[in-house]
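Peer 1: I'd like to ask you about the structure that follows.
The values are calculated or read from the model by the stated rules, or taken from the named source; none is laboratory data. Bear in mind the structure is a predicted one, so any value in this text is a computation, not a measurement. Positions of Cβ are generated from backbone atoms using ideal geometry, with glycine treated the same way; all protein chains shown enter the neighbour counts. Quick note on the areas: whole protein, heavy atoms, side chains included, nothing else; ligands and nucleic acids left out. Shrake-Rupley method; radii C 1.70, N 1.55, O 1.52, S 1.80 Å.
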Number of protein chains: 6
Amino acid sequence: MAESRKRIRLVTPIVTEGFRTGDDLGPLVGPDTEVSVAQIVTGPASIESELDEALAVPDTLRLLQEAEREGVGAVVIDCMGDPGLKAAREIVSIPVLGPAETSMHLAAMLGHRFSVVTVMDRIVPMFENSARLYGVAEKLASVRSVEIPVLDLERDPERLVEALVEESRRAIEEDGAHVIIFGCTGMLGCAARVEEGLLAAGRPGVPVIDPVPAALRVAAALLDLGLTQSKLTYPAPPAKRIVGFPWAEPAGMGAAS
Amino acid sequence: MAESRKRIRLVTPIVTEGFRTGDDLGPLVGPDTEVSVAQIVTGPASIESELDEALAVPDTLRLLQEAEREGVGAVVIDCMGDPGLKAAREIVSIPVLGPAETSMHLAAMLGHRFSVVTVMDRIVPMFENSARLYGVAEKLASVRSVEIPVLDLERDPERLVEALVEESRRAIEEDGAHVIIFGCTGMLGCAARVEEGLLAAGRPGVPVIDPVPAALRVAAALLDLGLTQSKLTYPAPPAKRIVGFPWAEPAGMGAAS
Amino acid sequence: MAESRKRIRLVTPIVTEGFRTGDDLGPLVGPDTEVSVAQIVTGPASIESELDEALAVPDTLRLLQEAEREGVGAVVIDCMGDPGLKAAREIVSIPVLGPAETSMHLAAMLGHRFSVVTVMDRIVPMFENSARLYGVAEKLASVRSVEIPVLDLERDPERLVEALVEESRRAIEEDGAHVIIFGCTGMLGCAARVEEGLLAAGRPGVPVIDPVPAALRVAAALLDLGLTQSKLTYPAPPAKRIVGFPWAEPAGMGAAS
Amino acid sequence: MAESRKRIRLVTPIVTEGFRTGDDLGPLVGPDTEVSVAQIVTGPASIESELDEALAVPDTLRLLQEAEREGVGAVVIDCMGDPGLKAAREIVSIPVLGPAETSMHLAAMLGHRFSVVTVMDRIVPMFENSARLYGVAEKLASVRSVEIPVLDLERDPERLVEALVEESRRAIEEDGAHVIIFGCTGMLGCAARVEEGLLAAGRPGVPVIDPVPAALRVAAALLDLGLTQSKLTYPAPPAKRIVGFPWAEPAGMGAAS
Amino acid sequence: MAESRKRIRLVTPIVTEGFRTGDDLGPLVGPDTEVSVAQIVTGPASIESELDEALAVPDTLRLLQEAEREGVGAVVIDCMGDPGLKAAREIVSIPVLGPAETSMHLAAMLGHRFSVVTVMDRIVPMFENSARLYGVAEKLASVRSVEIPVLDLERDPERLVEALVEESRRAIEEDGAHVIIFGCTGMLGCAARVEEGLLAAGRPGVPVIDPVPAALRVAAALLDLGLTQSKLTYPAPPAKRIVGFPWAEPAGMGAAS
Amino acid sequence: MAESRKRIRLVTPIVTEGFRTGDDLGPLVGPDTEVSVAQIVTGPASIESELDEALAVPDTLRLLQEAEREGVGAVVIDCMGDPGLKAAREIVSIPVLGPAETSMHLAAMLGHRFSVVTVMDRIVPMFENSARLYGVAEKLASVRSVEIPVLDLERDPERLVEALVEESRRAIEEDGAHVIIFGCTGMLGCAARVEEGLLAAGRPGVPVIDPVPAALRVAAALLDLGLTQSKLTYPAPPAKRIVGFPWAEPAGMGAAS
């Protein structure tokens, strides 16, 4: 439970450069934590389908293994699909956090029910499935979308915030949400303005969870507590022949034998 | 609803050669159905972890796309983890079946509760998660394992059948199972002997579901019925830049634009 | 797993003549399957209440017993209430299928959530109860009705299809359905036109399940697989004195002693 | 909410004479309630299967209709399968109670979880299904059986009580039950001795619910409260041609038109 | 199971005088039951928040202990928050009933789903939590409110009844409720008029449960049946030092040692 | 999201002096957090029943109000019953955390299922109820106890650790737990030794959650994130007359008007 400087890695599972830089993250963590970033080199430009997620996973896992080797203390996967979360937890011993899983559990603590406001209608079932797997389906009021593709989120920040406020308001009034979670890590940094927008719309006191900062802070808390994922749920994979992913072969996976 | 000869592809998501041949499948389908096989070339030797499954998915999806292009009518994924099932259903229009999902729904129809008897204890949570996602968690009595790795299943068929009978008997007597599902497609062909073993152990009348034949037959039924997965659940992925998986790029994914 | 010609019996649990003839079914099954029909002689003219269902069951069970004696391979009960399904499975060893149970499990495989569109509002709770008993309540988006009594379904097929399209569309847009199931076997044959209607309404790619063909095809698949209901769930009834149903008395129920 | 003498009918859905007489019931109700009995004339000698239950229902429903015509205030069905409960509630306006439904809800009020101790293992799934339908599945700890057929229950009352105590004790110690429900109305009158037996076995303070008295008392309470089943759940059946059950035809079902 | 005159105590957990008098209750119980009232002297003027409920509990428990000492046979807590229900059941052996728990189980018996119509929107989550704890969440259609504070309920009875009819109608038409429960014991006596209002609005046959009479009648039924809460769920508290609540100290809690 | 020194108050809801001192907490928090302690003066010596919890709540709430007035940033309630959690969240705006709620959500993130190992069997249902209310019942494997009263926990630390290891081991092997939560805040400081004991018993890699440090760290994370409970779930209570709790009267509850 040492209080030395904590090192957390944010692994971004898309190949689009410039989407995430260390600069985004400075204000999100305290002086006792250092956040580094890494990004996959094979995979999709953004994640908006089960296909995108599937193709993002292998290189994400490589970066996880690398992070542990470099002595990083914990990893946060930078996507609300939590791509590769379960496999990642098998191959490393350091805590791996998904922003969706973390945000949903925080939201469940903060209010009666929560809604997720995401980018596109087409991925609504993915969040409903996640809530089931994470054991919090009863607390999920709804999943709504702003219908703005991931890579367009930064084009018109005003429009994004307006759409987030509008869908959050509808989640509250029509679906019974008491807490809002952003459904894409590309919405980073909008929480304060969405809370203000809700206040202006007559809905004060509604927590809005920005998943990346939330996951980074909970990752730091786990480090302080000396906690990591259970090896009964996530045992190291059996060593075996693997073709096409050299980092995952037995030689590479020292811990797995 | 034409009754012409149906073509079904079995896609085996492991790189171990000789694991599955067309010869295995002859007796499993009727004269009106032709089953072809295809096997991934990058990925793991067997699937016994979340890691294995994650690395098997990309090449499995490539084979799915190929199958549809070749005019195959339906595809069955040859692994009880149903790897890539959801992404596969996005990228093709022909029915894609997972043996786990299909067997669980058949089992739910045939009896009050079912158990899965799989290869290794370490993947028990994966089946419990699948049952939740497929909406049949209430019907799952238990998941048990014979503790024989996938690639050892064929080494001692006698021992395999004995272990399957023993764990099935315990599932019935200790967990309340009324139907048994094999938890690995490598157990293909053992159902009749396990039913006999259960009869000898004083447990007649217990259906034992062999997942590959079950999925092939249900795939044929879907073809006859003209049914396939819903495009509301599995819309075609948005076309975008994808690095490292040329078959998945917009040029390759004609249907996605 | 013989591929000889399969014999399936459709047992219609209403006394109205002309409702179901073998002619309806020709196009529904392949050349390797023969479907015969039988109809109860005591019971209601149609099934639109718990009372109707209760009075339909005894004679339905008599026909089940008769079907097995005549060497039929499997039976489908021709009503979405699945009347007598559980008792039928006790008294015979051949597979007995209910179109509601079968359609709900198929629908659960094909999409995220399904809706049932039935004849009358008053039987909505019956479907919600069925979904609970069959273990798929989580996958049920809603039950809607066209408000056309069973025996009027054939009077104005245009109106029926229009109403089915309209309620299916509302199930999709208001309730989140991704798959549609017809909630009355009297709607037989309308699936293609309803899919077209949904396409015209801007909702392509939505599977519409016609329960009788679905149950017949799955029955054929079970025959091919050598599977039938579990005798742990459906043990033969103890032989005992029974008044008023001679076919059910111990002399008649050879298998039950 | 008149306090005049209440009239309740106990309808016994088996044809075995002498199983239930008015004499059994004298001590069970107060001086302000009169309990009459009626018994079916077609149906099974006892109810120990889905078949038995199905064949008991039609004549049970006839007796329900008769009870309402005779001015009886409420009816209790004398079997833990609650046979015909839903159809009965459609055809009459007076409250109809099932002892299983009533006991399960009382038990849910009295303790954290309850178990049912019934006659035969083979009907365990029937109780689990009932608990699901009645909405109290979460409160059901287990269903156990004494393995004594219904018609043998009275042969050796000592043995019956011993077996009930033993299975109740195991339900408490192994399954976490805090309340016990008798799973057959033929166990009437044993509750006090089973509570004593549990006390002697070191388990004081465990309520043991005798379903027939419980249902009679709750029926009386409903009469005093002026409450009956909802006609939204149980609307009167549409009038229609019915063959073989003259009492159920439109002429007979005045209320249904 | 003696039929002597039953004594039931209604404990009102608010300090507002005149809210509840014995006169209210005369018509609610039969000649064989005597209802006495008691009211707390420390606590809130009304219960409309978790805070109010928490502050009402200690003195409510003192009155429970007093009731048992005075030989009362059963106690009903006069608030739909069921404040102190679980602790009360620990400290006495006589049956303690909460009107919310009792009404929800009665409602679950009478129809497919029920709604609660309460005073204020702000306590909606409290009822949803209660339904979960009582094990009947699946039967809860919705919780609605008339937005009239507790202490204003009696000011304009006409407006109250109108608002109850309106919200009940919406619960039926929009939420699928088949039974209505009043969500505040201050609505006592309005059930008949609300049923009439629903009839006038075209919704006949909908049971409306008035929780205090319902709980009193079920309390009387439990007394007649000799049933009380399970001491496995509600064991007597261990004797220990308690500061500030002299009645709860070991000397006072004779039964707890 | 200022990184100034955070102030967190631990409110101990029992009157036993010496149970909790600031000294316990030094090592639990980092240099950027200051933890102060406060203890109730009316209430029970320890919390081992619903009664104890009910009597602890009012003075706990007074301390919550005081903490907010004193400018404390967040409060953790020092008991695994989370006494007063919901009411506390109504009366203050700063985050209030219960160690049970927080630990259960952390545990749900770290593994497939968790068990709670608490002091006494008699409070097992309280944890099962909490898990339901917190929405994580599906993740709860079991609740076990060491059968050592709260105030005896410190008498024989060796015996306590041994008992915790033994019950944790049984939770893993018999109930399927993958994560362990201490079920009493009096077990503070034993987590490392229990993990070692599990390792020695052949069960490495099992997270053991010590609830007070866990809640303190998550409280600090919420402060850093600027998040607090939703005012839609926990609105300020309406101002009203309250007798016996002067701090809670309208004059005292400035925020509530």
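Peer 1: I need the trypsin sites (Lys or Arg not before Pro) found in the range F:61-103, filtered to DSSP loop residues with at most 14 other beta carbons within 10 Å of theirs. Write down the numbers at each step before the final one.
Peer 2: On the way: sites: F:ARG62, F:ARG69, F:LYS86, F:ARG89; in loops: none.
Those that pass, being in a loop and sparsely packed, number zero.
Peer 1: Shielding by partners for C:133-143, please: the mean number of other protein chain Cβ atoms within 10 Å of each residue's Cβ. The partial results should precede the final answer.
Peer 2: On the way: counts 5, 6, 15, 7, 4, 9, 3, 1, 0, 1, 0.
Partner-chain Cβ atoms within 10 Å, mean over residues of C:133-143: 5.
Peer 1: Something else now. In nm, what does the list of distances from D:ASP32 to its counterparts in the other copies look like, shortest first, when each label sits 7 Å along Cα to Cβ?
Peer 2: 0.7, 6.8, 6.9, 6.9, 7.1
Peer 1: Can you find, among D:GLY43, D:GLY22, D:THR12, the residue sitting farthest towards the positive end of the charge dipole of the range D:1-85, where Lys and Arg contribute +1 and Asp and Glu -1 at Cβ?
Peer 2: Final value for the positive-end residue is D:GLY22.
Peer 1: Hey, what D do you get for the range B:62-207 in µm²/s if you plug the Kirkwood alpha-carbon radius into Stokes-Einstein at 37 °C and 0.692 mPa s?
Peer 2: On the way: Rh = 15.9 Å.
The calculation lands on 207 µm²/s.
Peer 1: Let me confirm one metric for peptide B:201-209, namely the mean number of other chain beta-carbon atoms within 10 Å of its residues' beta-carbons. Mind showing how you got there, number by number?
Peer 2: On the way: counts 0, 0, 2, 2, 10, 4, 11, 2, 2.
The shielding value for this peptide is 4.
Peer 1: Report the dimensions of the protein assembly as shown along its three principal axes from the alpha-carbon atoms, largest first, rounded to Å.
Peer 2: 84, 84, 58
Peer 1: Considering the alpha-carbon set of the range D:198-247 alone, what are its Rg and its Dmax in angstrom?
Peer 2: Every Cα atom of the range D:198-247 included, Rg and Dmax give 20.0, 59 Å.
Peer 1: Please label the shape of the range A:111-172 as rounded, prolate or oblate, based on the square roots a ≥ b ≥ c of the eigenvalues of the alpha-carbon gyration tensor (a/c under 1.5 means rounded; beyond that, a/b larger than b/c means prolate, else oblate). Mind showing how you got there, number by number?
Peer 2: Values: a/c = 3.02, a/b = 1.64, b/c = 1.84.
Oblate is the answer for the range A:111-172, as a/c is 1.5 or above yet b/c matches or exceeds a/b.
Peer 1: Something else now. When you count, for each residue, the other Cβ atoms within 10 Å and take the mean per peptide, how do A:217-223, C:143-149 rank with the highest first? Let's see the in-between values first.
Peer 2: Numbers: A:217-223: 26.1, C:143-149: 20.1.
Peptide ranking by packing, descending: A:217-223, C:143-149.
Peer 1: Ok, one more. In degrees from 0 to 90, rounded to the nearest 10, what is the angle of the helix E:124-133 Cα long axis to the longest principal axis of chain E?
Peer 2: 60 degrees
Peer 1: If you don't mind, another one. Averaged over every viewing direction, what's the projected area of the C-alpha convex hull for the range C:127-206? Give it in nm², one decimal, please. Provide the component values of the computation, followed by the final result.
Peer 2: Working: hull surface 21.4 nm².
Average projection, Cα convex hull of the range C:127-206: 5.3 nm².
Peer 1: Would you kindly derive the ³J(HN,Hα) couplings of the range C:60-76 from the backbone phi angles with the Karplus curve 6.51 cos²θ - 1.76 cosθ + 1.60 (θ = phi - 60°), listing them in order in whole Hz, with x for Gly and Pro?
Peer 2: Karplus-based 3J(HN,Hα) across the range C:60-76 equals 4, 5, 4, 5, 5, 4, 4, 4, 5, 4, 7, x, 5, x, 7, 10, 10 Hz.
Peer 1: Of B:VAL243, B:LEU227, B:ILE209, which is farthest along the charge dipole of the range B:184-257 in the positive direction, counting Lys and Arg as +1 and Asp and Glu as -1 at C-beta?
Peer 2: B:VAL243
Peer 1: Between the helical axis of A:99-110 and the dominant principal axis of chain A, each derived from Cα atoms, what acute angle in degrees is found, rounded to the nearest 10?
Peer 2: Long axis of A:99-110 versus the principal axis of chain A: about 50 degrees.
Peer 1: Right, something else. Between copies, how far does the label point of A:ALA201 sit from its twins, in nm, shortest first, when each point is 7 Å from Cα along Cα→Cβ?
Peer 2: 2.9, 2.9, 5.1, 5.8, 5.9
Peer 1: Could you run the Debye sum over the Cα atoms of chain F, one equal point scatterer each and no solvent, and tell me log10 of I(q)/I(0) at q = 0.08, 0.14, 0.16 Å⁻¹, two decimals?
Peer 2: -0.30, -0.94, -1.21
Peer 1: Of the options A:LEU63, A:VAL116, A:ALA171, report the single residue whose Cα projects farthest towards the positive end of the charge dipole of chain A (beta-carbon charges: Lys, Arg +1; Asp, Glu -1).
Peer 2: Comparing the listed Cα positions along the dipole, A:LEU63 ranks first.
Peer 1: Next question. Using Cα-only point scatterers and the Debye equation, what is log10 of I(q)/I(0) for the range B:1-122 at each q in 0.12, 0.15, 0.18, 0.21 Å⁻¹, rounded to two decimals?
Peer 2: -0.46, -0.73, -1.03, -1.30
Peer 1: Output the pairs from A:LYS139/A:LYS231; C:LYS139/D:LYS231; A:LYS139/C:LYS139; C:LYS231/D:LYS86; B:LYS139/D:LYS86 with a Cα-Cα distance over 19 Å in this structure; if there are none, say none.
Peer 2: Numbers: A:LYS139/A:LYS231 27 Å; C:LYS139/D:LYS231 27 Å; A:LYS139/C:LYS139 17 Å; C:LYS231/D:LYS86 27 Å; B:LYS139/D:LYS86 25 Å.
Among A:LYS139/A:LYS231; C:LYS139/D:LYS231; A:LYS139/C:LYS139; C:LYS231/D:LYS86; B:LYS139/D:LYS86, the Cα-Cα distance tops 19 Å for A:LYS139/A:LYS231; C:LYS139/D:LYS231; C:LYS231/D:LYS86; B:LYS139/D:LYS86.
Peer 1: At 1.4 Å probe radius, can you tell me the per residue accessible area of the protein assembly as shown in Å²? Each step should come with its number before you reach the end.
Peer 2: Values: 47980 Å² over 1542 residues.
Ligands and nucleic acids excluded, the result is 31 Å² per residue.
Peer 1: What does the charge count around F:PHE182 come to, taking other residues whose C-beta lies under 13 Å from its C-beta (Lys +1, Arg +1, Asp -1, Glu -1)?
Peer 2: Details: positive: F:ARG144, F:ARG193; negative: F:ASP78, F:GLU167, F:GLU195, F:ASP210.
With Lys, Arg at +1 and Asp, Glu at -1, the neighbours total -2.
Peer 1: To continue, here is another question. Give me the percent relative contact order of chain E, please, defined on Cα pairs under 8 angstrom at least 6 residues apart.
Peer 2: Details: 491 pairs, mean separation 51.8, N = 257.
Computed over chain E, the figure is 20 percent.
Peer 1: Moving on. Hey, got the dipole for the protein assembly as shown? About the Cα centre, +1 on K and R Cβ, -1 on D and E Cβ, debye to the nearest 20? Present the calculation step by step, with values, prior to reporting the outcome.
Peer 2: Details: 144 positive and 222 negative charges, 1 e Å.
So the dipole magnitude of the protein assembly as shown works out to roughly 0 debye.
Peer 1: Relative to the longest principal axis of the C-alpha atoms of chain A, give the angle of the C-alpha long axis of helix A:211-225, reported between 0 and 90° and rounded to the nearest 10°.
Peer 2: It is inclined by approximately 50 degrees.
Peer 1: A follow-up question, please. With a cut-off of 8 Å between alpha carbons and a minimum separation of six or more residues, what is the relative contact order of the range A:1-131 in percent?
Peer 2: Numbers: 205 pairs, mean separation 30.5, N = 131.
Normalised by residue count, the contact order of the range A:1-131 is 23 percent.
Peer 1: Next question. Stokes-Einstein diffusion coefficient for the range D:158-257 at 10 °C in a medium of 1.306 mPa s, Rh from the Kirkwood formula over Cα pairs: what value in µm²/s?
Peer 2: It diffuses with D of about 93 µm²/s by this estimate.
Peer 1: Moving on. Can you tell me which of E:105-112, D:157-164 comes out highest on packing, and rank the rest after it, using the mean Cβ neighbours within 10 Å? Please list the in-between numbers first.
Peer 2: Numbers: E:105-112: 25.1, D:157-164: 16.8.
Taking the mean over residues of other Cβ atoms within 10 Å, the ranking is E:105-112, D:157-164.
Peer 1: For the range B:134-170 and the range D:70-143, what is the separation of their Cα centres, given in Å?
Peer 2: Centre-to-centre (Cα) distance: 37 Å.
Peer 1: List the equivalent ellipsoid semi-axes of the range B:66-123 in whole Å, largest first, each obtained as the square root of 5λ for an eigenvalue λ of the Cα gyration tensor. Walk me through the intermediate numbers first.
Peer 2: Working: eigenvalues 133, 41, 14 Å².
Result for the range B:66-123: semi-axes of 26, 14, 8 Å.
Peer 1: Also, I was wondering about something else. Assign unit charges at the C-beta atoms only (+1 for Lys and Arg, -1 for Asp and Glu), then state the dipole size of the range D:60-200 relative to its Cα centre in Debye, rounded to the nearest 20. Walk me through the numbers before you get to the answer.
Peer 2: On the way: 14 positive and 23 negative charges, 84 e Å.
With Lys and Arg at +1 and Asp and Glu at -1, about 400 debye.
Peer 1: When all protein chains stay in place, what accessible area (Å², nearest 10, 1.4 Å probe) is found for D:GLU53?
Peer 2: 40 Å²
Peer 1: Further question on the same structure: Could you size up the charge dipole of the range F:171-232 around its Cα centre, putting +1 on the beta carbon of Lys and Arg and -1 on that of Asp and Glu, and report it in debye to the nearest 20?
Peer 2: On the way: 4 positive and 7 negative charges, 60 e Å.
Here the range F:171-232 has a charge dipole of around 280 debye.
Peer 1: Can I ask one more? How big a patch of accessible area, both sides summed and in Å² to the nearest 100, lies buried between A and B at a 1.4 Å probe?
Peer 2: Working: alone 11870 and 11860 Å², together 20310 Å².
Counting protein atoms only, the buried area is about 3400 Å².
Peer 1: Any idea what the A:GLU162 label distances to the other copies are, label 7 Å down the Cα→Cβ vector, nm, shortest first?
Peer 2: Going from nearest to farthest copy, the values are 4.0, 4.0, 7.1, 7.4, 8.3 nm.
Peer 1: Between A and B, which A residue has the Cβ nearest their rotation axis, distance in Å?
Peer 2: A:ARG132, 3
Peer 1: What is the average number of partner chain Cβ atoms found within 10 Å of a Cβ in F:190-196?
Peer 2: Working: counts 0, 3, 2, 0, 0, 1, 0.
Across F:190-196, the average partner-chain Cβ count within 10 Å equals 1.
Peer 1: Oh, and also: Modelling each spin label as a point 7 Å along the Cα-to-Cβ direction, I'd like the C:GLU70/E:SER4 distance in nm, to one decimal.
Peer 2: Modelled inter-label distance: 6.9 nm.
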